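Engineer: Just passing along the structure, written as C-alpha cells.
The values are calculated or read from the model by the stated rules, or taken from the named source; none is laboratory data. It should be emphasised that the depicted structure is a prediction, and the values quoted were computed from it without experimental measurement. Ideal geometry is used to build each Cβ from the backbone, glycine not excepted, and the neighbour counts take in all protein chains shown. Accessible surface areas use protein heavy atoms only, side chains included; no ligands, DNA or RNA. Shrake-Rupley method; radii C 1.70, N 1.55, O 1.52, S 1.80 Å.
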Amino acid sequence: MYDAFRRITRWEDAMSNFGLYDDIVRSLQSSALDPSSWSRAYELIDEAVGVHGSTTVFAAGEKSSDVRIFLFWCYDDGIRQQELEQRYLDDYYMDDERIPRIRRMPVNKLVHIKDLYTESELKASAAYNEAMAICRGQDSLHIRLPGPDDSRITWVPNDPRDNEGWSSEKIKLIHSVIPHLNHAIRVQHVVSGADILNATLTELLDAKGLATIQLDGRGRIHDLNDRGKNLLREGDILYDRKGYLLAKPSRNNQILQKLITRAIPSRGSVGYGGSATFARWPKPPLLLQTHPVQAPTEEPRTWHTSTLILISDLPVRTNIDPKSVAQILNLTEMESRIAVMLAGGKTVSAIAKELNRKESTIRHHVKRMFVKHNLKRQTELIDLVRSIAGAP
C-alpha cells in the first residue's frame, strides 16, 4: 500500500512539470461528480499525451455470455464518437479476438495491441484491420484497471499523433494519469448508484445508503449525512476525535490519514483522490474514497469543504458450497447454510429474516458450531469457513 503511494507521488512530482497535468487531474475530479466534464478531461489527456483519442470500457463478467458493459466511450479531441462506438459493438465486438485476452490481462500493466493478437490474426482480423484503422488504434496501448467488486476498467490510449511510437515521456505521463482516471470512474460509479450525480455538496448529504463526510481545509469534519453519523457512532472502524476523522486499528488509520493528506490541496497545488478498503467482520467491508473538492476561490478559507469522503458497503462474494462446508466441518445442512451466510457478511438478524427463523434459533446453531470446533467468536467461524473455499 505505502509503496504504491510512493510510486504515484513520484510520478506526480515528475509530471508536475507538464503545464497540463494539474488541469487534467482537476478535470477528472470534476468528471467524477459531473459527467459533462469528461469531454474536457479527455481533450486535455489527448493534448498532453499526444494521441488520437482513447477508448474507456467499464465492465464486469469474464465470459461473453455474462459480460455486463456499464460504460463504453470513444473520445477524440474531447468529442465522443458515439457512431463509432455503436458500429464497433454491432459489427466487430463479438468477433474481436483480443477481447477475452484483455479480460485476462495483468492489472496495471501496459500491453501493446499487437501483443493481443497472433501473427495470423494481425493479417486477417477484421477488428484489427478495419475497426482499429478507423479509430486510429493499430498502435494503441491497453491497460486493465481494477474496478469495484468484480468489475474491471480498461483504458486504451490510441496511436501517437507524431507517428514516432511510444516514448518514455508518453509512457510516464500515461502512468501518472491512470490512477486519477481510475479513481474518477470508480467515484462516478458509486455516486450514480446512489442517484446523486450532479448533486451539490449540500445535496450529497441527502444520499441514501451512502455515507458522505466533508472535511474542511484543516482536515476537520465540516459536515456529514445520517449514514456517516451512524458509522462514526458505531465506531467499529471510523470514529470522530475532537472533530478529526480517525480509523482503527492503527494501520487503517495510517492509510486513512495518508489519503486525507493527499486529498487536501495545499496553496497553489491540486489534491489527489484515493481509496481504501477496510475489513470489519462479520459486517461487509467498507470502501472509502477520498475526493478533492475545488475551492470556490483561489484563496480558500479553512472552513470551506476541501475533501469529500464517500463510504459504501462492499458486497462480500463467496463461492463456498454449503454442501462442502457441511461435509468438511461435520455440520448439519442448516448449520452449513448459516455458516456460509455469515462468511458472506450477513448478520444473525439478517440470516434469521432470510430463513424465516427466530434470531435465538440462529444463535443456537452458531453455538453448536462453536462447540464442534472449539471456537469462541463468530470471526473464528467465518475464517474457518472461508479458509475452505474451493475445497473439493
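Engineer: Mind jotting down a quarter of the surface of the convex hull over the alpha carbons of region 94-201, in square nanometres, one decimal?
Structural biologist: Working: hull surface 35.7 nm².
Mean projected area of the Cα convex hull: 8.9 nm².
Engineer: Please go through region 92-178 and write out the GluC sites (Glu not before Pro) that DSSP classes as loop and that have at most 15 other C-beta atoms within 10 Å.
Structural biologist: Listed in order of number, the matching sites are 164.
Engineer: For a quick check: with amide H placed at 1.01 Å from N, whose amide H comes under 5 Å from residue 52's, ignoring anything fewer than 5 positions away on the same chain?
Structural biologist: 158, 159, 161
Engineer: Per-residue counts of other Cβ atoms within 10 Å, averaged by peptide: what ranking do you get for 238-245, 306-313, highest first? Mind dumping the intermediate values first?
Structural biologist: Values: 238-245: 15.4, 306-313: 22.5.
Top of the packing list down: 306-313, 238-245.
Engineer: Pairs 172/208; 353/376; 323/367; 323/372: which exceed 29 Å Cα-Cα? Each step should come with its number before you reach the end.
Structural biologist: On the way: 172/208 39 Å; 353/376 24 Å; 323/367 20 Å; 323/372 17 Å.
Too far apart for the 29 Å limit: 172/208.
Engineer: Need one number: nm distance between label points at residue 47 and residue 62, each 7 Å from Cα along Cα→Cβ, rounded to one decimal.
Structural biologist: 4.2
Engineer: What does the convex hull of the Cα atoms come to per residue for region 220-293, in Å³? Working shown, then result.
Structural biologist: Values: hull volume 7.0 nm³, N = 74.
It is 95 Å³ per residue.
Engineer: Let me ask something else. Quick one: Karplus J couplings for region 103-111, per residue in order, coefficients 6.51, -1.76, 1.60, θ = phi - 60°, nearest Hz, x for Gly and Pro?
Structural biologist: These are the phi-based 3J(HN,Hα) values: 5, 9, 5, x, 6, 6, 10, 6, 10 Hz.
Engineer: Counting every Cα pair in region 195-239, what percent are over 17 Å apart?
Structural biologist: Numbers: 339 of 990 pairs.
Every Cα pair in region 195-239 considered, those over 17 Å come to 34 percent.
Engineer: Sticking with this structure for a sec: What span do the alpha-carbon atoms of region 99-147 cover on each of the three principal axes, reported in whole Å from largest to smallest?
Structural biologist: Principal-axis extents of region 99-147 (Cα, largest first): 30, 21, 14 Å.
Engineer: Can you send over the carbon and sulfur percentage of the accessible area for the chain, probe radius 1.4 Å, protein chains only? Write down the numbers at each step before the final one.
Structural biologist: Values: 9500 of 19840 Å².
After summing per-atom areas, the C and S share lands at 48 percent.
Engineer: Here's a follow-up. Using the Karplus curve 6.51 cos²θ - 1.76 cosθ + 1.60 with θ = phi - 60°, what ³J(HN,Hα) values do you get for each residue of region 84-90, in whole Hz, with x for Gly and Pro?
Structural biologist: 5, 4, 5, 5, 5, 5, 6
Engineer: Between residue 86 and residue 359, what length comes free when the chain is fully extended (0.36 nm per residue of separation minus the Cα-Cα distance, one decimal in nm)?
Structural biologist: 93.1 nm
Engineer: Once every Cα of the chain carries one equal point scatterer and solvent is ignored, give the base-10 log of I(q)/I(0) from the Debye formula at q = 0.06, 0.14 Å⁻¹, two decimals.
Structural biologist: -0.29, -1.23
Engineer: Which value in nm describes the separation of the simple spin-label points at residue 114 and residue 241, placed 7 Å from the Cα toward the beta carbon?
Structural biologist: That separation, rounded to one decimal, is 5.7 nm.
Engineer: Let me ask you something else. Residues of the chain: accessible area per residue at 1.4 Å, in Å²?
Structural biologist: Normalised by residue count, the accessible surface of the chain is 51 Å².
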